[in-house]
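Asks: The structure follows.
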Amino acid sequence: MSIRRFTAVGLSALAVSSVSFAGGVPTTVIDEVIVTGRLDRLQGAPVSASQGVVSDEQLGLRPVLRTGELMEVVPGLIVTQHSGDGKANQFFLRGFNLDHGTDLATSVDGVPVNMPTHGHGQGYTDINFVIPELVQAIEYRKGTYYAETGNFSAAGAVNMRYRRKVEEPLIVLEAGEDSYLRGLVAASPEIAGGTLLFGLDYAHIDGPWVLEENFKKRNGLLRYSRDAGNDAQLSITAQAYEGDWRSTDQVPLRAVRSGEIDRFGFIDPTDGGSSHRYSLAVDWTGSLAGGSASGLLYAVDYELDLISNFSYFTDPENGDQFQQVDDRRIYGGEWSWRRPFQWQGREQSFAAGVQVRHDDIGKVGLYRTIARERFDTVREDSVKQTSYSVYSSLDTRWTDKLRTTLGIRADHFEFDVAANLIENSGSASDSLVSPKLAVVLGPWSKTEFFFNIGRGFHSNDARGTTIRVDPADGVTPADRVDPLVKALGTDVGLRTAIVPNTQFSISLWSLALDSELLFIGDAGTTEASRESERRGLEIAAIWNPIRWLIVDADLAWSRARFSDYDPAGDRIPGAVERVASVGVAIDHPSGWFGGARFRHFGKAPLLEDNSVRSDATTLVNFEAGYRFAKNYKLSAALYNAFNSDDSDITYFYESQLANESEPVSDIHFHPVEPRTFRVTLTGSF
């Protein structure tokens, strides 16, 4: 997927200006840090070495197989898939197997994507509704050091920012192997003193799977933007997404080795799902009381119906297939204000904000099924969850070589659960205050040094805060969990432009989590995991030797351990230890353009005692194209160019096949897609 032309003006992913994040995600329009020509100087005023902005120029030359892979512009972040493409991606960052987003706060134009108290997994993050060609920038922050970031942001926060207009009407046609077809139409006419951006996107793919996926995706975006007077901007954005698919979930290694199924085969032919997401948002930015202010209001209608079977026939009579349902409405908003001032001759900047979110979950349920037909209800709940947040920060430039940011954040959560078992109904609440501190030294010789410390958190599933009995039998006592789980992070880093045409950032980080408390959506219960500690090293570099060539590289190492003693061991299953990425982007004045990307994530323990480990995964993607007749371009992409037979994800657990008499502990894996070829024709008018 080729997104957009790269020009001679690029944006450094390592240099950012001040960005306001709402609800753990950014809302204000940032002052982009444009690097004209060469990366020969530091720009912007970041508070850590672990934040950045990536522009559409860089995004446009990254070969992307799935929409979710756009997020891999965040150094050290890996995005994979263990099921059908309509399901949310699997994320890995900073020694976390983040499942579908537990500790990675994600948003689009400030509207949060993560779903608390979700039918499949806490923090569920599905970005299938995003139209890649309309993304203007991706903003990221890693760690717990930012007052604006809240729930789900312990590992990091990512915001995708849509553009307000396209320069010319746009048509994109794509085709490829495995019945892949995609079409996009976008334009932004001037209407009633403003700009109306619209995009319509349709895609279909069967994938390489023996069971054809038949994934159909329909996306629409409508955004009206205009000046609101006095340097103010107003945007009203409506989005709609619908998708349905059949799933090939992870498969047991023994079934592949025995020849019972193909590597791309399946066990249950009736797995699959459908989802929709409709949203409306109003965003205002402008000047107020000597400072800058922004406001955001949003409403989301969301539904997921997911059918899965991961253990197959441990119940020989009925099988193990289950259905997870999530049907909710989300209402929220945020208001922020920032004002610069002078105090005793020192430059200061004060910021404050308020955030509110309410999830009205009409139904969140878990059911046992046979070939998608329900025969038992494990649990069915309706939940109302509300969060209130306030934050403030003070930036102070003490000298030309010293600046600090002191932040404070307070969050209050309320939960109200109505369960099908009255014993599991009830209400709960919790509050948390999170201080933050950043110290920045320099620059000296085009080099700045950073020290950060701060508290973050993620919320737990509301159902775990009121549970009394196991919903599977209605009798066995079950322990409640704390609604909010604290995390303490530190970061020591630097960024430098001392090497000509190059910028580096280096970060040494650590993160301690009080308890990895997770709702086990596949069982309907909550399990309290143990305290954990993670630490690691991240290195990112970008090199722009000539105007039409950019080379970037990211390396990340992490060490994840449970911090208490347990005979089972101290390794955290699924915690990837090494990540590496190297990319090349070319946009030659002759009209030729292209990109290449090497992507690697290393081994991970699959059991606490480290006796079983996953294998590493390495992929290489290429894309090349040519612009002709002024308004057209044709490109070809080759994904997994060397036809690697590695895995997107690996698990170790018990399952039972139809011909087995008892469960067997085994590796279960979802293979990377084989070598795949696609072509794209883009026209602008």
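Asks: Looking at the range 90-108, is at least one residue free of Cβ contacts under 8 Å to residues at least 40 places away in the same chain, crowded, with 24+ Cβ neighbours inside 10 Å and either touching a Leu at 6+ places or on another chain (Cβ under 8 Å) or within 26 Å of residue 327 (Cβ to Cβ) (or both)?
Replies: Within the range 90-108, one or more residues are free of Cβ contacts under 8 Å to residues at least 40 places away in the same chain, crowded, with 24+ Cβ neighbours inside 10 Å and either touching a Leu at 6+ places or on another chain (Cβ under 8 Å) or within 26 Å of residue 327 (Cβ to Cβ) (or both).
Asks: Quick one: residue 673 ticks every box in (1) surrounded by 19 or more Cβ atoms within 10 Å (Cβ to Cβ); (2) not in a loop (DSSP other than H, G, I, E, B) except a single one, so which number is it?
Replies: (2)
Asks: So is residue 485 open to solvent by less than 20 Å² (accessible area, probe 1.4 Å), under 24 Å from residue 114 (Cα atoms) and not in a strand (DSSP E or B) or not? Can you show your working first?
Replies: Working: open to solvent by less than 20 Å² (accessible area, probe 1.4 Å): yes; under 24 Å from residue 114 (Cα atoms): yes; not in a strand (DSSP E or B): no.
So residue 485 fails the test.
Asks: Taking the stated definitions as given, is residue 660 open to solvent by 10 Å² or more (accessible area, probe 1.4 Å), over 29 Å from the mean Cα position of the chain (by Cα) and in contact (Cβ under 8 Å) with a residue 60 or more places away in the chain?
Replies: Yes; evaluated as a whole, the condition is true for this residue.
Asks: Any idea how many residues of the range 632-643 are closer than 26 Å to residue 574 by Cβ, open to solvent by less than 60 Å² (accessible area, probe 1.4 Å) and either in a strand (DSSP E or B) or out of contact with any Leu (no Cβ under 6 Å at 6 or more places or on another chain) (or both)?
Replies: Selection size over the range 632-643: 1.
Asks: Tell me, which residue of the range 44-54 that is surrounded by 24 or more Cβ atoms within 10 Å (Cβ to Cβ) and of a type outside the set (A, V, I, L, M, F, W, C) is farthest from residue 154 (Cα to Cα)?
Replies: Taking the candidates together, the pick is 46.
Asks: Return a yes/no flag: does the range 556-567 have any residue that is assigned to a strand (DSSP E or B), surrounded by fewer than 16 Cβ atoms within 10 Å (Cβ to Cβ) and modelled with pLDDT of 95 or more. Spell out how you get there, then give the answer.
Replies: Within the range 556-567, the first condition is being assigned to a strand (DSSP E or B), and the residues that meet it are 556-562.
Then drop every residue that is not surrounded by fewer than 16 Cβ atoms within 10 Å (Cβ to Cβ), which leaves 559.
Subset that is modelled with pLDDT of 95 or more: 559.
The answer is yes, given that some residue of the range 556-567 is assigned to a strand (DSSP E or B), surrounded by fewer than 16 Cβ atoms within 10 Å (Cβ to Cβ) and modelled with pLDDT of 95 or more.
Asks: Still on this structure: Across the range 211-243, which residue is surrounded by the most Cβ atoms within 10 Å (Cβ to Cβ) among those that are within 21 Å of the chain's Cα centre (by Cα) and among the charged types (D, E, K, R)?
Replies: 217
Asks: Can I ask one more? What pairs come up if the first residue lies in the range 622-633 and is under 15 Å from residue 587 (Cβ atoms), the second is open to solvent by 60 Å² or more (accessible area, probe 1.4 Å), and their beta carbons are under 7 Å apart, counting only those six or more places apart or on different chains?
Replies: What qualifies is 625/634; 626/592; 626/634; 633/626.
Asks: Conditions: (1) surrounded by fewer than 16 Cβ atoms within 10 Å (Cβ to Cβ); (2) part of a strand (DSSP E or B); (3) in contact with a Gly (Cβ under 9 Å, 6 or more places away or on another chain). Residue 650 meets all but one. Number of the miss?
Replies: (1)
Asks: Any chance the range 220-229 includes a residue that's over 16 Å from residue 67 (Cα atoms) and in a loop (DSSP other than H, G, I, E, B)?
Replies: No, the conditions are met nowhere in the range 220-229.
Asks: Only one of (1) charged (D, E, K, R); (2) within 30 Å of residue 366 (Cβ to Cβ); (3) open to solvent by 60 Å² or more (accessible area, probe 1.4 Å) fails for residue 461. Which number is that?
Replies: (3)
Asks: If I ask for residues that are open to solvent by 10 Å² or more (accessible area, probe 1.4 Å) and within 16 Å of the chain's Cα centre (by Cα), which ones from the range 145-184 would you list?
Replies: Residues satisfying the conditions are 151, 161.
Asks: Hey, another quick one. Return the residues of the range 568-585 that are in a loop (DSSP other than H, G, I, E, B) and either among the charged types (D, E, K, R) or in contact with a strand residue (DSSP E or B) (Cβ under 7 Å, 6 or more places away or on another chain) (or both); say none if nothing qualifies.
Replies: 570, 572, 573, 574, 575, 576, 577
Asks: Then there's this: Residues of the range 419-436 being part of a strand (DSSP E or B) and surrounded by 15 or more Cβ atoms within 10 Å (Cβ to Cβ), which ones?
Replies: Selection gives 419, 426, 428, 430, 432, 434, 436.
The values are calculated or read from the model by the stated rules, or taken from the named source; none is laboratory data. Computed from a predicted model, the values in this text were never measured in an experiment. Counting neighbours? That spans all protein chains shown, and the Cβs are built from the backbone with ideal geometry, glycine included. Ligands, DNA and RNA are excluded from the accessible area calculation, which covers all protein heavy atoms including side chains. Shrake-Rupley method; radii C 1.70, N 1.55, O 1.52, S 1.80 Å.
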